[in-house]
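Below is one structure, written out as structure tokens, with a few remarks after it.
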Amino acid sequence: MTFEPTIVGFLCNWCSYTGADLAGTSRIQYAPNVRIIRVMCSARIDPTFVLKALTDGADGVLICGCHPGDCHYSEGNYKMMRRFPLLKTLLADYGIEEERVRLEWVSASEGQRFADIVNDMTERVRALGPSPIKMALAHDMAER
Amino acid sequence: MDEQRIGVYVCNCGTNIAKVVDCDAVVEASASLPGVVVARPYKYMCSNPGQEMIVADITEHDLNRVVVAACSPRMHEPTFRKALQKAGVNPYFLEMANIREQCSWVHHDPVEATDKAKALTRAAALRVARHEPLERRSVDMCPNTLVIGGGIAGMSAALDLADAGGKVYIVERNDHLGGNVARVDLTAPYLDSASDMLTGRVTRVVEHGNIDVLLESEVKSLEGFVGNFHGGIRSKLHDGGVVDQEVDIGSVIVATGYKEFDAGRITHYGYGKLPNVITSFELEKMLRTGRVETKEGGAPQYVAIIHCVGSRNLEFHTYCSRVCCMTALKYAHEIKAAVPGCYVSDVYIDMHAFGKGHEDFYRRSSEVKTLFLMYEKNDYPVVRRAESKDDCEMLIEVNEKLSGETIEIPADLVVLMVGMEAREDSEEVARLVNISCDKDGWFIESHPKLDPVATTTDGIFIAGACQYPKDIPDSVAQARAAAGRILARIARGQLEIDAVFAEVDEDRCSGCRICNDLCPYSAIEYDEEKGRSHVISALCKACGACVAACPSSAITARHFTDAQIFAQIEGVLA
């Protein structure tokens with residue numbers, strides 16, 4: 001059986017969540033692997049959310065916000081944009097592969113883009129296999 | 001914390017959800033979640049009986065939390081919050097799981113879609129257990145309105161608002177009111193004069209004591225929130241300078257209209273190269289002077305009208321511009337009146353005659369001996385210069401769909417029915433007032449069917465062709481609907497706004513002031529004496545940027561707390 005990854009998606013309310021809703025109203029089919037959690041702005045996404053998702057068993061984390069310049073709160077997405085490289089450095093130190101955590105901009109009109117991103121990310125994470133954190137935790141549990 | 005008594009309601013949405021998601025399985029899985037007392041499916045949760053079911057269960061089972069697994073919360077969260085309120089439960093003890101837009105509408109496989117629906121519903125149940133009761137805030141509703149755009153839509157909305165006693169600022173970029181309607185001669189289907197219709201409106205607007213018309217002006221800034229916006233307007237002065245002013249308003253209507261498609265972008269019609277290929281707006285200009293003639297000054301014997309220029313094709317705009325078909329039919333009447341004996345042909349894809357009186361108008365137009373030639377979408381007619389032996393100036397080659405033959409028709413004047421497109425700066429306007437544009441640049445409404453007047457930003461409304469191509473009656477209807485929505489709020493004097501904002505726990509705050517500069521609304525103040533920061537709740541818009549940035553975890557985002565989001569993460573991954 002092929003490995004099916006579970007991906008947690010954090011989407012900002014104004015652009016990306018609405019874009020995902022548009023994918024729905026447009027009946028655009030995409031991979032069922034992403035579970036969406038709504039936040040008001042991508043700037044609300046605390047790095048601990050991403051770490052929590054990974055330690056709780058997510059194989060990947062997708063963060064979506066408004067395109068630069070289009071933030072409902074004028075510049076929240078820039079805050080996320082700046083936080084992201086720091087988070088990636090930290091994750092790399094823990095041995096989390098680059099492609100497991102992704103930041104993308106999706107506007108309210110980009111239902112197709114959202115679906116494409118989900119499909120692409122699902123494929124890439126599927127190719128990577130289960131998250132090393134999940135594997136390590138499962139190993140620890142087996143040792144006990 | 002009180003004992004958790006959660007009710008979970010799984011909506012079938014007719015068959016919208018139930019045809020893919022096994023709703024009974026979602027109910028069954030939810031019933032065993034911690035704190036869940038009752039779990040039920042229902043055909044339409046948002047219907048009155050659906051809501052009453054929740055209200056009755058709250059009383060009967062003493063519920064204090066509710067999960068509704070249904071459509072997007074962007075659609076029905078307010079509906080279900082009201083149901084909770086009706087039953088005497090704080091409306092923030094609701095959480096929705098989006099199993100329609102995120103499951104049944106985007107996944108074909110019933111097993112995968114049902115698994116995902118279970119995960120989202122579980123996350124909602126775990127989250128709602130950590131919800132806290134929040135009190136909504138009441139704020140004053142400023143009775144003034146800013147209308148951006150002085151076309152037929154903007155003026156119609158302004159008059160209704162001003163007649164009811166509200167102050168209205170119309171900001172118009174041009175040096176006159178009237179918008180695109182001011183460029184039109186007669187209107188379809190009744191052939192009434194556009195200028196007669198417009199003159200009355202313009203006079204009323206200009207003379208109205210409650211309306212400030214600001215010509216050659218632009219909105220430069222908009223701040224604040226519903227009921228309490230502050231707009232910055234820049235107006236040109238006659239001496240070349242500018243003057244800026246600030247206005248306090250409670251609502252904004254964006255009525256910026258459309259621009260016509262640039263016919264030069266299609267090469268095979270020869271626009272810009274053949275002198276007698278003109279656009280519909282150029283013909284309107286001739287009709288208003290009462291003379292239809294070629295560039296050489298002669299009366300055209302053959303006029304050909306080409307439909308869907310820039311509309312309904314894959315290369316430019318895929319949508320229908322909706323007004324051109326009837327406008328084209330109108331031309332047949334007007335041209336024949338101006339040039340008796342002239343032959344008019346309509347080269348079209350389909351004839352869209354959807355509006356009131358339109359089909360009758362189509363029939364009457366056929367009766368005035370207009371020649372109709374149908375072409376296939378994306379198989380454009382080709383216009384070329386005729387040779388000296390021909391008795392006309394140009395020839396149009398059409399692969400005529402009904403006869404299946406390639407036909408050549410003569411033309412001395414070719415009229416291109418240019419479609420509507422969003423203005424180049426629609427993205428800028430959207431950014432200014434915090435709304436969104438679709439892929440074509442049209443402004444996005446709050447809901448395509450149930451709320452086509454509001455936007456995703458409370459207090460900002462859209463009217464007219466800036467949303468999508470519209471004719472005059474539809475533009476006026478939307479404008480007056482926007483005015484009605486605003487007047488309902490003005491009549492109440494106050495409005496309730498979301499109870500969601502950030503709070504600083506002063507005991508945990510270290511006074512580092514990182515959050516102070518981070519806030520886009522300057523809603524965080526530093527108290528020098530205490531050495532602590534605090535949030536001015538009326539200014540906070542709840543983005544949560546400060547919450548994620550606080551190194552002491554001293555800031556809480558109400559309704560989006562760490563505990564609530566952690567619970568949701570656990571829920572989707574369990």
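The numbers here are math on the coordinates, done by the rules we state, and not lab data. None of the values given here were measured: they were computed from a predicted structure. Every residue, glycine among them, receives a Cβ derived from its backbone with ideal geometry; neighbour counts consider all protein chains shown.
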- Note on the structure: antiparallel share of DSSP beta bridges within chain B, to nearest 5, in %, is 50
- Item | Local electrostatic count, B:L33, Cβ distance below 13 Å [Lys/Arg +1, Asp/Glu -1] | +2
- Note on the structure: Checked the range B:2-152 against the a/c 1.5 cut and the a/b vs b/c comparison, axes a ≥ b ≥ c from its Cα gyration tensor; verdict oblate
- Item | the range B:228-310: trypsin sites (Lys or Arg not before Pro) in DSSP loop, at most 16 other beta carbons within 10 Å | B:K273, B:R291, B:K295
- Any idea what Rg and Dmax come out to for the range B:234-361 if you just take the C-alpha atoms, in Å? 19.4, 59
- Query: In cubic angstrom, how much convex hull volume per residue do the alpha carbon atoms of the range B:357-411 span?
  - Reply: 110
- Task: Among B:P189, B:A502, B:C466, pick out the residue whose Cα is farthest towards the positive end of the charge dipole of the protein assembly as shown, where Lys and Arg carry +1 and Asp and Glu carry -1 on C-beta, about the Cα centre.
- Result: B:A502
- Note, the range B:181-188: 3J(HN,Hα) by Karplus (6.51, -1.76, 1.60, θ = phi - 60°), whole Hz, Gly/Pro = x, goes 5, 5, 9, 9, 8, 9, 10, 7
- Item | Long-range Cα-Cα pairs in the range A:7-143 (distance over 17 Å), rounded percent | 57
- When the range B:419-574 is reduced to its Cα atoms, the Kirkwood hydrodynamic radius in Å: 18.7
- Message: Averaged over its residues, how many other protein chain Cβ atoms are within 10 Å of peptide B:536-545's Cβ atoms?
- Response: 5
- Points 7 angstrom from Cα along the Cβ direction at A:H139 and B:T199: gap in nanometres? 8.7
- extent check for chain B: Cα max minus min per principal axis, descending, whole Å, gives 93, 63, 40
- What is the local net charge at B:N210, summed over the other residues whose Cβ is closer than 9 Å to its Cβ (Lys, Arg +1; Asp, Glu -1)? -1
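Based on the alpha-carbon gyration tensor of the protein assembly as shown, what equivalent-ellipsoid semi-axes (square roots of 5 times the eigenvalues) come out, in whole Å, largest first?
Values: eigenvalues 555, 194, 119 Å².
Computed over the protein assembly as shown, the values are 53, 31, 24 Å.
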- Note on the structure: Helix A:16-25 sits off the longest principal axis of the Cα atoms of chain A, rounded to the nearest 10 on a 0 to 90 degree scale, by 80
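About the Cα centre of the range A:7-143, how large is the charge dipole given +1 on each Lys and Arg Cβ and -1 on each Asp and Glu Cβ? Please answer in debye to the nearest 20. Walk me through the numbers on the way to the answer.
On the way: 15 positive and 17 negative charges, 58 e Å.
So the magnitude is around 280 debye.
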- For peptide A:43-52, compute the average count of partner chain beta-carbon atoms within 10 Å of each residue's beta-carbon. 5
- Query: Which angle from 0 to 90°, rounded to the nearest 10, does the C-alpha axis of helix B:472-492 make with the longest principal axis of chain B?
  - Reply: 30
- Using R₀ = 30 Å, calculate the FRET efficiency as 1/(1 + (r/R₀)^6) where r is the Cβ-Cβ separation of B:V111 and A:T55; round to 0.05. 0.65
- Enumerate the amide H contacts of B:Y375 below 5 Å, restricted to partners 5 or more residues apart or on another chain; note that Pro and chain-start residues carry no placed amide H. B:Y348, B:I349, B:K401
- Cα-projected label distance for B:E223 with B:K377, points at 7 Å along beta-carbon direction, nm: 4.8
- Query: What size of dipole, in debye to the nearest 20, comes out for chain B about its Cα centre when the only charges are +1 on Lys and Arg C-beta atoms and -1 on Asp and Glu C-beta atoms?
  - Reply: 720
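State the extension gain, in nm to one decimal, for the chain segment bounded by A:N119 and A:T89, taking 0.36 nm per residue of separation less the distance between their alpha-carbons.
The span from A:N119 to A:T89 would gain 8.3 nm if fully extended.
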- Nearest 10 degrees, 0 to 90: what angle lies between the long axis of helix B:73-86 and the longest principal axis of chain B (Cα atoms)? 50
- Message: Suppose R0 equals 56 Å. What FRET efficiency, 1/(1 + (r/R0)^6) with r the Cβ-Cβ distance, do B:Y526 and B:E52 give to the nearest 0.05?
- Response: 0.65
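Can you show me the helix-derived [θ] at 222 nm for chain B, built from DSSP H runs with n ≥ 4 at -39,500 (n - 2.57) apiece and divided by the number of residues, rounded to the nearest 500. Don't skip to the end; give the middle numbers.
Numbers: 14 runs with 168 residues, N = 574.
Theoretical 222 nm ellipticity from helices: -9000 deg cm²/dmol.
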- Message: Under the rule that an exposed site lies in a DSSP loop and has at most 11 other Cβ atoms within 10 Å, name the longest stretch of chain B with no GluC sites (Glu not before Pro) of that kind, not counting the sites themselves.
- Response: B:136-295
- Under the rule of -39500 (n - 2.57) per DSSP H run of 4 or more residues, summed and divided by the residues of chain A, what mean residue ellipticity at 222 nm is obtained, to the nearest 500 deg cm²/dmol? -15000 deg cm²/dmol
- Task: Calculate, axis by axis, the spread of Cα positions in the range B:213-261 along the three principal axes, and write the results as whole Å, longest axis first.
- Result: 34, 32, 16
- Message: So if each residue of separation counts as 0.36 nm, and I subtract the Cα-Cα distance between B:K285 and B:R183, what length gain in nm does that give?
- Response: 36.0 nm
- Query: Using mean Cβ contacts within 10 Å as the protection proxy, how do A:107-114, B:86-93 order, highest first?
  - Reply: A:107-114, B:86-93
- Message: Just to confirm a number: summing +1 for Lys and Arg and -1 for Asp and Glu over residues other than B:V66 whose beta-carbon lies under 9 angstrom from that of B:V66, what do you get?
- Response: -1
- Message: On a full-extension model of 0.36 nm per residue, what is the gain between B:H230 and B:R431, subtracting their alpha-carbon distance, rounded to one decimal in nm?
- Response: 70.8 nm
- Message: Please report the antiparallel percentage of DSSP beta bridges with both residues in the protein assembly as shown, rounded to the nearest 5.
- Response: 40
- Query: Hey, what do the phi angles of the range B:199-215 turn into as Karplus ³J(HN,Hα) couplings, whole Hz, using 6.51/-1.76/1.60 and θ = phi - 60°, x for Gly and Pro?
  - Reply: 4, x, 5, 4, 4, 4, 5, 5, 8, 5, x, 9, 10, 9, 8, 10, 7
- Task: Specify which residue in the list B:L373, B:A545, B:I54 is farthest towards the positive end of the charge dipole of the protein assembly as shown, using unit charges on the beta carbon of Lys, Arg (+1) and Asp, Glu (-1), about the Cα centre.
- Result: B:I54
- Task: Rounding to the nearest 20 debye, state how big the charge dipole of the protein assembly as shown is about its Cα centre with +1 on each Lys and Arg Cβ and -1 on each Asp and Glu Cβ.
- Result: 760
- B:G224 long-range amide H proximity, modeled H, under 5 Å: B:H230
